[in-house]
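These notes concern the structure reproduced below.
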Amino acid sequence: MFASGWTRPGRRRGTTRVAVAAMGLALVVSCGSPTRGTGAPEPAATSKSPVYEQLARTVRGTMDAGLIPGAVVMVDSPEWGRWSQSFGTQTYQGTSPVSVADHFRVGSNTKTMTSTVILQLVQEGRLKLSDPISRFEPDVPNGGNITIANLSEMRSGLPSYSVDKGFNRALDEDPQRVWKPRELLDIAFRQPQVSAPGKQFYYSNTNIILLGLVVERLTGKPLSQVFKERIFTPLGMSSTLLPGPRDASIPENHPQGYQYGDNEQTLNSYALPAGQLQKAREGTLKPLDETSANPSWAWAAGGAISTTQDLSVYVKKLVAGGLLDATTQRVRLDSIRPTDPGDPAAAGYGLGIASFGPLIGHDGQIPGFMTFMGHDPGKRLTVVIMTNLSAVPANGEGSALQILKAMMPTLYPGVSVPKDPARR
């Protein structure tokens, strides 16, 4: 979810980091390639506030320093107006500019969708947050003591399949492999538990794979269809989807997605050694193109695709209300707790939702792409950042979070940026 500091459960890909708390240019209707795709309607103009002019300079500088090929940044504020701008190119060292309407893989932002449906089913009386996962999946180790809430809050104590070395090697050896949810669970269940249920925060993709299976069991429908019926269609998110397991494509138009180092090499850190970093800066070490890698391994935990416009609509409803009834929405927001008990100002996590400073939402990292979405209900400020690079090679931080942290002093003067709990 937002980024850097939890225990990185498996390639952020499909995972997320709780986030915080972008060269070529293209204002919403001017620079860059023409607006493409559909989805929630794109405004006809973008604000020319001096605040946004400063943010654009900040984004470009951060991208240059971080070797980020392309990005789209959107900020919506009652005070400054709405700003949506694309930066950089769709391909590494390419010439085709990114468009504000481009599609990106959104990684662990998908977790918020899975947990939203779980909470909708709770409202409908189909299950309870206190139900043990063993009610639905009897083979989960210690499943009689792990609740639905524990899974959604990342406090189940279950290990994450995505940090397994053999799993990451398999991703590298066969990027097109179609992974079944139960294959992923088998990998996780061979590992020792991290903690007793409810005792500590540990970011694990395993939790959300289990919740995806619960959704399919209770609805009798594929998760992709459930998302469409319950979230995407009601909110007009026609450019957002959860692909089927054999579909590794991204709807046109989209940038290529890049990562420095393969999955096994970056298991412990995305940061490059000094010698390799220098070569990357010189352009002699090129990032890997991860665009067409099959994301079935991320599924309910990180497989969705979207646009900045669609995510801006979604995150406002996610945080301010509109997907759940008022009581359930309050339960969700009240569930957010610091991921580090010793630091009340640390990034927080709750029922499939994260906080980083004043922004509430999530982030998502999957090979080739990194995305952040956040909404501040107090200022009614919305921020969405999409990039086509998993992580900045100098420090290993997710690229969208690197941009967000650089923007924060302008968005929130004097507000310190808490460290984000990293995870893989």
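The numbers here are math on the coordinates, done by the rules we state, and not lab data. Everything numeric here is computed off the predicted structure, so don't read it as measured data. Positions of Cβ are generated from backbone atoms using ideal geometry, with glycine treated the same way; all protein chains shown enter the neighbour counts.
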Under the rule rounded for a/c under 1.5, else prolate if a/b exceeds b/c, else oblate, using alpha carbon gyration tensor axes a ≥ b ≥ c, segment 268-336 is classed as prolate
For segment 200-216, in residue order, the Karplus 3J(HN,Hα) values (coefficients 6.51, -1.76, 1.60; θ = phi - 60°; whole Hz; Gly and Pro = x) are 8, 7, 8, 6, 9, 5, 4, 4, 7, 4, 4, 5, x, 5, 4, 4, 5
For LYS180, counting only aspartates and glutamates whose alpha-carbon sits under 18 Å away and dropping same-chain residues fewer than eight positions off, the answer is GLU137, ASP139, ASP164, ASP172, GLU216, ASP247
Given unit charges at Cβ for Lys, Arg (+) and Asp, Glu (-), the dipole magnitude of segment 280-383 about its Cα centre in debye, nearest 20, is 320
When the charge dipole of the chain is computed with +1 on Lys and Arg Cβ and -1 on Asp and Glu Cβ about the Cα centre, the Cα farthest towards its positive end, among SER77, ASN268, ILE366, belongs to SER77
Using eta = 1.567 mPa s and T = 4 °C, Stokes-Einstein with Kirkwood Rh from Cα pairs puts D for segment 89-220, in µm² s⁻¹, at 79
Computed on Cα atoms, Rg of segment 188-271 relative to 2.2 N^0.38 Å comes out at 1.45
per DSSP, antiparallel bridges as share of beta bridges in the chain, % nearest 5, sits at 100
Expressed in angstrom and rounded, the centroid-to-centroid distance over alpha carbons for segment 243-290 and segment 67-84 is 24
Counting only DSSP loop positions in segment 193-273, the GluC sites (Glu not before Pro) whose Cβ has at most 13 other Cβ atoms within 10 Å are GLU252
For segment 310-318, in residue order, the Karplus 3J(HN,Hα) values (coefficients 6.51, -1.76, 1.60; θ = phi - 60°; whole Hz; Gly and Pro = x) are 4, 5, 5, 5, 5, 5, 4, 5, 4
Projected onto their principal axes, the Cα atoms of the chain stretch, largest extent first, over whole-Å spans of 55, 47, 42
If each part is reduced to its alpha-carbon centroid, segment 150-166 and segment 292-306 end up apart, in Å, by 17
Here, ARG380 and ASN145, labelled 7 Å along Cα→Cβ, have an inter-label distance in nm of 4.8
Ordering 204-215, 140-151, 236-247 by per-residue average of other C-beta atoms within 10 angstrom, highest first, gives 204-215, 140-151, 236-247
Quick calc, the chain, dipole around Cα centre from Cβ unit charges on Lys, Arg (+) and Asp, Glu (-), nearest 20 debye, gives 420
Non-local residues with an amide H under 5 Å from the amide H of SER239, with H modelled 1.01 Å from N and Pro and chain starts lacking one, are GLY39, ALA40
Charge dipole of the chain built from unit charges on the beta carbon (Lys, Arg +1; Asp, Glu -1), centred at mean Cα; most positive-end Cα among THR58, PRO141, MET408 is PRO141
